[in-house]
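Visitor: Quick one: structure below, then a few questions.
The values are calculated or read from the model by the stated rules, or taken from the named source; none is laboratory data. Because the structure is predicted, anything quoted here is derived from the model rather than measured. Here the Cβ positions follow ideal geometry from the backbone for every residue, glycine too, while neighbour counts run over all protein chains shown. Side chains included, ligands, DNA and RNA excluded: accessible areas come from the protein's heavy atoms. Shrake-Rupley method; radii C 1.70, N 1.55, O 1.52, S 1.80 Å.
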Amino acid sequence: MIEVENLTFSYQKQKQTLHGLNFSVADGEIFGFLGPNGSGKSTLAKHLNVLLLPNEGTVWIDGKDTHAKERLWEIRSQVGMVFQNPDNQ
């Protein structure tokens, strides 16, 4: 299960990329995010794989808070990400 509560994130010196995002995805549920370039889709994916941490709010992957550094590799072993540029794999 994925739970996102009040996720807010901005890159340094930029406007907020994600602001107050809330959603949950149950086990076995299939979902997708659509939007134009720059709308925060890749930024959100990086939060689910703990490549980024929220400025505010919480992201839970199977009950594990992504802020818990001791759970980092456990979360990453459950969540995968395929980058758009093959050189970044």
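Visitor: Kindly indicate the residue of region 43-74 that is of a type in the set (G, A, S) and more than 8 Å from the chain's Cα centre (by Cα) and also surrounded by the fewest Cβ atoms within 10 Å (Cβ to Cβ) among those meeting that condition.
Guide: Top of the filtered list is G63.
Visitor: Continuing with the same structure: Specify the residue that is least open to solvent (accessible area, probe 1.4 Å); the eligible residues are those in region 75-89 that are in a loop (DSSP other than H, G, I, E, B) and touching a residue at least 12 places away in the same chain (Cβ under 8 Å).
Guide: Top of the filtered list is V79.
Visitor: Filter region 6-52 down to residues that are touching a helix residue (DSSP H, G or I) at 6+ places or on another chain (Cβ under 9 Å) and under 23 Å from W73 (Cα atoms), then give me how many there are.
Guide: 7
Visitor: Cβ-Cβ distance below 7 Å, separation of 6 or more or different chains: which pairs start in region 26-44 with a residue that is under 22 Å from T8 (Cβ atoms) and end on one that is not in a loop (DSSP other than H, G, I, E, B)?
Guide: F31/V25; F33/K41; F33/L44; G35/K41; G40/L18; T43/F9; T43/L18; L44/L18
Visitor: Being closer than 23 Å to Y11 by Cβ and out of contact with any strand residue (DSSP E or B) (no Cβ under 8 Å at 6 or more places or on another chain) narrows it down to one residue among F83, F23; which is it?
Guide: F83
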